[in-house]
Structure formats: C-alpha cells, structure tokens
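Here the structure comes first, spelled out in structure tokens, and everything after it is commentary.
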C-alpha cells in the first residue's frame, strides 16, 4: 500500500522539505543554526495556535540534527546507481525552487550497500562518487551538495518520482539516456522524512477534516483532574455500565488495579457532554500490555470505534497480537470477527511476518484477499442455477461448444495463416492445392471436438466440484475479512452448512453409476434421476445458498486504495503508529470515538498531535510510565527545549490523575526494591509469583554477582574510531564479553540482554 503510485499524503507538508532544501551543507553541519529560534516548550498554552506553533522550531532543528548525523556517516549509507533521469512535466503544482524528476535505478549492483531501494519519504544525496566522509560532498567541481526527496513510486513503469533541490544538468540527463560513456550518478540514503512531514502537517493544520476540540482539553490543567463526571457517574446508569464492563473482563484474570483502570476508562463513554482524557501509569512488569489488551477488548465488545496507537511498529504489533489472542478465545465461528480489527503500516518496516497470526488482520493482506472475491456473487448464482436447472445449464454449455466449432472456411483460413509458405501462395492458391488434405483434417477436427464435449454427468460433476471449491475459498475469505456490520453471524453459520451439503451431494453422486448418455449405455440411472432422488437435500442446499446471495453483498470496488479505505472505514478497532494515523484523515472516513496510545511516555507530544486531531474523537487514554526513558532526541538544542517530552509526562506534571497498576510480576523483590523506592514511592507490591523461592536464581558464581552488580573497570579508556562515529571502550567491552561467555557456559538458557549508551562492542 505504501509503494503504490504517488504518495497521497505527501502533497502537503512539502514546505518542510523546502526548508531542508534551502539549507546549504554548511547550514546542516552548523549546530547553532536554529538555536536562536528554538524556545522552550511551555507547560500550558493559551490557544491551540500557540500550542501547535510551539513545536515547529524544535521539529526543524531536530530534522537538521538528524540530517547532520547521517551526513557525517554517509560512508556507511546504503546507495543505488541511477540509470536514467527525466524531468516530470505533468505536475499541477511545482514549488518555486524545486523540480520534479522521474528516475530509474540500476538494481544489478553486487555491492550490499549498493542495493538500496528508495522508499516514499526518503531524503537522498546525489553524487558522482562514493563518498568516504562528508567532506567529499563539499566543493565538488561538477556536483556540489545536491539532495532530493522521494515523492512517489510508480511501480507500473518502474519509475521513482523525486523532488530535487535543484535542476540536473542536461548533459548528464542525455549521457544517462544514451548509455554510452555515461558518468556514474549515485543516490545515497540519508534519512526518511515521512514521520516529520506528517508531524509538520499536523502542526500546520493541514490534515483533512481535522478537529481541534480534543486538543483544547490538553492546553491547561484539567479542572476535573482526570476524574469522571460526577453528574453522569453517580446514578444507576453508571452501575449498569460498570457491571457490563466487569462481565466482559471477568475471565481475563486482572488484578484489582488493572480492573479499576479498565472500568474507569471504558465507562467514560457514558458521559455524553464531556470529552475525557485518562492516564494509566504502568511501571515495568505491572501487566501494562495485558491491561491495554483488556481495555481494547472491552471497547471492541461494546462496538466503540477505537484507534490504538504506539510510537513504534513493534509496540503496535505486540498489543495487536495480545488483543487478537483475547478475541480468538471468544469467537463463536472460527475467525469471524477479525474483520472488525485492522492493523496497517509499512509491511517491510513493521516486519509483520514475524507475527504470522496478524496476517488475518493486516490491511495489505486483507485488501488483496477481498479484491479476489469480486466473483463471489457470480459463483454463488452459478451454483444455484446448476443445482436448480441442471438440464438447462448443460444444454447451454452444449450449444456453446457446438457454436464454437469452426466452419470449413474458418478452419482452412486459420491453417493458411498458421503455416509458413515458402512458395508465396495466396489463400486461393493454397485452398486449391490443399483442399483434399484440409477436408480430411477438418473431419478429424470436428470428430475430436464432438468427442470432447462432456456428457451431462461429466459436466455436472466437474462444475459442482469446481464451484464448490471456489465458494469454499470465497467463504473462508469473507468470514475472516468482512466486518460484522456487513455479514450477520446467522449467515456466517450457514456457510459451513452449505459447504457440507454441497460436499454431501458431490459424494452421493460420485458413488452412483450413471447412464453414459453419449454412447447409449444403460448401466445405472441418469444424473437427473439421481438429483430427483436427492431433491430434499438439494432444496435444503438451495435455501442456504439463496439466503447467502440475498444477505451478503460486497462493495463494488476494484481499486486497492478504495478497498483499503473501505476496510479502514468499516473496522471498529484500528492499530497503527501515531504518525501513520494521518491515513484516517480522509474524506468520508468514519469518526473515531476512542484514542488509546500505548507507550505514551515514549511518544513526543508533537507526534501525538496527529491522532489528537481526529474528527469525532471524544475519549483519549494514555498508557505509559514517565519514569522510564523518554523519546529519543538527537539535537541538544531541541532536548533543552523539552522537544522529547510526552503529552503523558506534561499532564502528569500538571497534576492530572493517574491510574497506577500497582502489582509487578517481573522482578525478584531484591531487584524491584531499588526502583520501587527511588522512582515509585514504594507504591508497588510484588506478586506472589516473584516471591516464590524458585524465582530466586544465581547464574554466576562469586560474591560480586548479586541482584545488582556495579563493576569498576579502572583501566578502560574511551576512544573515537578513525571513521569518527561512536565512542568505543575496548577494555570494558572485553569484560562484558567475558561475563556473557560465563553465562553461556553456565545454566543460562535465554540470550542475555546488553544495553549501552554508545557503541561499546
């Protein structure tokens, strides 16, 4: 979906790309370029305009810093060789200082780094050499600093649409086109700007149909402090709502704090006059993912259209997989219900194949499968006609076969045109010369065609089998991928019954001996007699097939983009990264009622402004832990401006109420003691599971190895490699390797985790 045609969400947001294009290489490498423009992002805001504008300088500076870092490491960047360039003239808009080109790349490179496949949103550097340092891009005699932005992929013609920071010389375009003594031209990957462009669009109010009503709720401290509305949550309705949610989550083995968090968040939809923002505080090991899955499961059961986001693809897939497992346990009919759930994003980046269970809910997979079902109605009607009117269907087939028989004249002409004539005979001369031979061959052709016409029994059995197999494939796809709003459960239950009846009919007929009507053999009864004998079974099957034909209608869609939009509009629970939620800002898109953001403390607040602007949004639930590491920010200037701060962290600092998950299931008490005391004010308790004696293990011998070990490597020195990227401490690295070796030689069955603040190995 990401690579088809021109990227639809890239038409706007190009002014950020223009800003990048306006920088010289010296500007990009200047860490003080934007310093005077970047102000600290406030805690509170007077208006949505002030709120959105406060992030823009930091976003620009972070983009510069990211580009600077990648330019310094250009020697390690992946690249491809460009085989052709041509100006793209069919553009309704062209920015003042930039040009659109179409390029083709050479995919035959033997260099591993030289097999780069450009993707939409990539920022690339054009150069006629393979640079070893950033200095190689400075003051090139023929090709000074020149960058481009991948705007779209045209797979049908194997072309890549790029926006170039400046024009390409005509001589290199001609040289590449002529292929003779052409100079080399390379495209080096620098970074992907897709997320930053999407954030820019959100900050610049360029999202289609965006609403700022929910955003107004986060400008100041909440007067209700995140508590539920007393007007709506004091009567009988609230008790009924709580009971309903508790019934849904009863079998999920949640502890008390997890239950309270889920119930409080889900029942907030009972308040129809006040939009809500809820925070769930999930320290490490407290079952945060389990709680999120239970929350989403409850919203799905209550048919509340919900968007579930996270900062990364991995986090999205983890929650989606956990939710799908919960759903699987409650489905009444195989995979019926998965059509209400959809996961979308860039397939290669998401690595969705690592979660094969998610194929049934992944958007690209769903679109491809539903498009294959365009023949569903025809196949169903064809089966009904075959069972109801077998004689008429066979007669129609026989007429078509007989009508397809060529006349002698047609046969002769085809033979003339198919054969080579060295003597240059005309058609008339050929017919006169070969008339006897042609007539004999024509008789053989007619005899062969007539013998190949199936008997009624052969025709019926073959059609019955092929139609049944096709219907079985369609039914499997439809009951997995169609939303429950389009296909009632009662009709789904008829599908296997109809297939069983068709299989039973096929088996019954295959056991009987039929009259061979083509040669007059009278052994057994005719297929019509047999069908008459099975009329009750046939009628039962027809009733089921007619019901399916009348109640299940597919959208008349043949285009991938439109089918994807249909799937997103119809789903009740949608999973994607926060940045990818821009795809839900489309004309006619069904409004989203709930927004749930997992790992919310690791999501930069500017990025959360994308889903916060979804039209129809009434309830936002943020799940995270502000005590853990925040989002990564490369620029020191942006870091000091609080650019990495999350919405979760800011709301907590304003006194917004948090639902604490207070039981941890991961760490031995001797490990949890330190973070519980230092970061969580002793509010966490250890579950009985981690307090068991069997949970206390020692993998390394020696007094120095305990729950925590602080090892001083006195002789270790940090050094910068010649390449100039990443500090290394080889003495510390050797010590770490020795410890890992000891673990592997001992009784440690799982691979140990190694975390470092720089490249230590």
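Miscellaneous remarks
- Cβ-Cβ FRET estimate between residue 654 and residue 275, R0 fixed at 25 Å, reported to 0.05: 0.90
- Taking label points 7 Å from Cα along the Cα-to-Cβ direction, residue 351 and residue 506 give a separation of 4.1 nm.
- Mean-position separation - Cα centroids, segment 636-677 and segment 380-408, in angstrom: 72
- Going from the residue with the fewest nearby Cβ atoms within 10 Å to the one with the most, 656, 36 rank 36, 656.
- Comparing Cα centroids, segment 578-619 and segment 313-330 end up 19 angstrom apart.
- Inter-label distance for residue 559 and residue 677, nm, one decimal - labels placed 7 Å from Cα along Cα-to-Cβ: 6.5
- If the segment from residue 640 to residue 205 were pulled out straight at 0.36 nm per residue, it would be longer than the present Cα-Cα gap by 154.0 nm.
- Ranking of 188, 344 by count of other Cβ atoms within 10 Å, fewest first: 188, 344
- Taking other C-beta atoms within 10 angstrom as a stand-in for reagent exposure, 119, 332, 388, 62 fall in the order 332, 388, 119, 62, fewest first.
- Computed label-point distance, nm, for sites residue 217 and residue 417 using a 7 Å Cα→Cβ extension: 7.1
- Using R0 = 60 Å, the C-beta based FRET efficiency linking residue 26 and residue 698 works out to 0.60.
- Computing FRET efficiency as 1/(1 + (r/R0)^6) for residue 543 and residue 401, where r is the C-beta to C-beta distance and R0 is 41 Å, gives about 0.80.
- Averaging the Cα positions of each part gives two centres, and for segment 32-71 and segment 696-721 these lie 40 Å apart.
Read-outs throughout are calculated quantities, based only on the coordinates presented, and are distinct from any laboratory measurement. Note that the structure is a prediction, hence the values are computed from the model and not measured. Note: ideal-geometry Cβ built from the backbone for every residue, glycine included; neighbour counts use all protein chains shown.
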